[in-house]
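In what follows, a single structure is set out as structure tokens and then discussed.
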Amino acid sequence: MNTIYITGHRHPDSDSIVAAISYAYLKNQNQIPAVACRLGPLNDETAYLLNRFHFDEPPLLEDARVRLYDLPLERPYVVEQDATIFETLEKMRRCHQPFMAVVDSEQKVVGMITTNDLGVIALADTALGIDLLKDVKTKDVAKTLDGNLVFDDEQLHLNGKVSIVTLSRHKADRYQVKDRIVIIGDDTASQKQVLEQGAGMLIIVWSGHVDEEVLELAAQKHCPIIISGHGSMNTSRYLFFAPTIQKLMSGSVHMFHIDEFMEDAAKKMRKDRFRAYPVVNDQHRLVGYLLKDAGIDYENKSMILVDHNEFSQSVPNIEKATILEVVDHHRINDFSTTRPIYFRNEIIGSTTSIIASMFFENSIEPPKALAGLMLGAIISDTMNFQSPTTTAKDIELAERLSQIAAVKTDDLAYDMY
Ligand SMILES: [Mn+2]
């Protein structure tokens, strides 16, 4: 069930604030998730009453429309921009999420990557593979192959192509290996041969060890050596998952700010075809994902109005909210709804008196502090029972609240004025 926002009128007085607080309490007692709000700053009297009976100031409600932070968003899993394709796919699988926002070292969102973007690797487009592997980092290759980096060199010379030098009647000199990543077996002579021919990186399979003379030659030729943790089949397969995702991610991504109104986000989402959108905060960090489906069937806030019924007295965009109830003691002016609602309007001195009646009608006694607070609100709205709107019912209810709160009505009135 969605949270119900209970609010009094703009320029709130004590009756408006306390009616909202006490009615939210009553709803909560009946397992209904309601929260009291205010539409503006508290006056001194209300602040005094809240302080005296130890109640927090209700949160400010600025708009009846739903903002993204009001909605349940998908969890903010991200992947760093220097993550490998392998790591990214692993994380997507682990998180059951086929999309990830890509973040920089400060955790700022710089792009988005989906399983679709990564799927091109499986299609084995040669040109793309070459483009990705010519910038691959030695440590990423070693990591992806569960391998052991036995020699690294800063002066990489890779053209992005891969050769698998298999055991055969032909010697290694029959292969074109210059600047290529070479997957090779444990034959020392062949390893030295491809190094002499200018290989860019040696990945050794089916071996746990590299000869000293091979390492020396590799240093001369600036050719890193990795001992793969896999056989030749999986080594060649996983190798293409070693590049980082930077070239595959989409950098121009539609993001939303957490404070944006859902109706505005929904309009933007209708125009394109993404299924998930990153939602960021002021620091440009991810707080969650908004799914397109969520944008199609969202609802604005569910509200209960207390101590007022005119839209002009209520929260901005109240006409877009779902009004569930009105509890009030003012005249009815322009009120209309599309659906039937619970509407309780009484000729009585304060809205808090009506809420007090509802407690007793439901056989729920307000706690001591709340009873004191409610008594204060009734005293305030009836001008200590002197206003012409005061009824016998206000006096009777105030008497009951006074007993529960163990506060004398006259003492509280004296302290308030
Ligand atoms: Mn009132």
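Every number here is computed from the coordinates shown, using simple stated rules; none is lab data. Just so it is clear, the model here is predicted, and its values are computed rather than measured. Don't worry about glycine lacking a Cβ; one is built from the backbone with ideal geometry, like all the others, and counts go over all protein chains shown.
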*Can you give the extra length, in nm with one decimal, that the chain gains between Arg331 and Asn43 once fully stretched, where that is 0.36 nm per residue apart less the Cα-Cα distance?*
101.3 nm
*Charge dipole magnitude, Cβ of K and R +1, D and E -1 - the chain, Cα centre, debye nearest 20*: 1700
*asked:* Please check: in the Gaussian network model of the chain (C-alpha springs, under 10 Å), which one of Asp264, Asp186, Asp297 has the largest mean-square fluctuation.
replied: Asp297
*Any idea what log10 I(q)/I(0) is at q = 0.14, 0.23 Å⁻¹ for the range 139-233, Debye with uniform C-alpha scatterers and no solvent?*
-0.41, -1.23
*Over the chain, what relative contact order in percent results from Cα pairs under 8 Å that are six or more residues apart?*
20
*Can you list the residues, at least 5 places off or on another chain, whose amide H is less than 5 Å from the amide H of Ile323, using H built in the peptide plane?*
Met303
*asked:* Using the Cα centre of the chain as origin and beta-carbon charges of +1 (Lys, Arg) and -1 (Asp, Glu), tell me which of Ile121, Ala36, Thr390 is placed farthest towards the positive end of the dipole.
replied: Ile121
*In order through the range 327-336: 3J(HN,Hα) via Karplus (6.51 cos²θ - 1.76 cosθ + 1.60), integer Hz, x for Gly, Pro*: 10, 7, 10, 9, 5, 9, 10, 10, 7, 8
*asked:* Modelling each spin label as a point 7 Å along the Cα-to-Cβ direction, I'd like the Arg10/Glu319 distance in nm, to one decimal.
replied: 1.5
*Near the amide H of Ala36, under 5 Å away, which other amide H atoms are found, from residues 5 or more places off or on another chain, if H is placed in the peptide plane?*
Ile6
*Straight-line reach from Lys292: which aspartates and glutamates have a Cα under 19 Å away, not including same-chain ones fewer than 8 places off?*
Asp70, Glu74, Asp117, Asp259, Glu260, Glu263, Asp264, Asp272
*Which of the lysines could be linked to Lys178 by a straight reach, that is with a Cα gap under 17 Å, when you skip same-chain ones fewer than 8 residues away?*
Lys134, Lys161, Lys192, Lys221
*Can you pull the Kirkwood radius for the range 321-377, inverse mean 1/r over Cα pairs, to one decimal in Å?*
12.9
*With no solvent and one equal point scatterer placed on each C-alpha of the range 1-133, evaluate the Debye formula and give log10 I(q)/I(0) for q = 0.13, 0.20, 0.21 Å⁻¹, two decimals.*
-0.71, -1.09, -1.17
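In Å, the Kirkwood hydrodynamic radius of the chain over pairs of distinct alpha carbons?
26.8
Order of Asp411, Asp82 from fewest to most other C-beta atoms within 10 Å?
Numbers: Asp411 10, Asp82 14.
Neighbour counts put them in this order, fewest first: Asp411, Asp82.
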*In order through the range 139-147: 3J(HN,Hα) via Karplus (6.51 cos²θ - 1.76 cosθ + 1.60), integer Hz, x for Gly, Pro*: 5, 5, 5, 4, 4, 5, 8, 6, x
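Can you tell me the length gained on complete extension of the stretch Glu90 to Gln220, counting 0.36 nm per residue apart and subtracting the Cα distance? Intermediate values should be presented prior to the final figure.
On the way: separation 130, 0.36 × 130 = 46.80 nm, distance 3.67 nm.
Working it through step by step, the gained length comes to 43.1 nm.
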*Would you mind pulling out the separation of the Cα centroids of the range 173-201 and the range 248-274, in Å?*
49
*Value of relative contact order over the range 139-233, rounded to a whole percent, pairs C-alpha under 8 Å and six or more apart*: 36
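From the cross-link list Lys108/Lys268; Lys301/Lys368; Lys143/Lys247, which pairs have alpha carbons spaced over 28 Å apart? Present the calculation step by step, with values, prior to reporting the outcome.
Numbers: Lys108/Lys268 22 Å; Lys301/Lys368 31 Å; Lys143/Lys247 19 Å.
Pairs exceeding the cut-off: Lys301/Lys368.
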*Neighbouring Cβ atoms within 10 Å as the yardstick, rank Glu87, Glu319, Glu57 fewest first.*
Glu319, Glu57, Glu87
*So how far apart, in nm, are the two label points at Ser105 and His257 if each is 7 Å from Cα heading toward Cβ?*
2.8
*Binning at 10 Å from 0, report for the range 243-339 what percent of all alpha-carbon pair distances ends up in each bin.*
13, 32, 24, 19, 8, 3, 1, 0
*Environment charge at Val407 (Cβ cut-off 13 Å; Lys +1, Arg +1, Asp -1, Glu -1)*: 0
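For the chain, what is the calculated [θ] at 222 nm in deg cm²/dmol (nearest 500), taking -39500 (n - 2.57) for each run of four or more DSSP H residues and dividing by its residue count? Before the final figure, lay out the partial values.
On the way: 15 runs with 146 residues, N = 417.
Taken over the chain, the calculation gives -10000 deg cm²/dmol.
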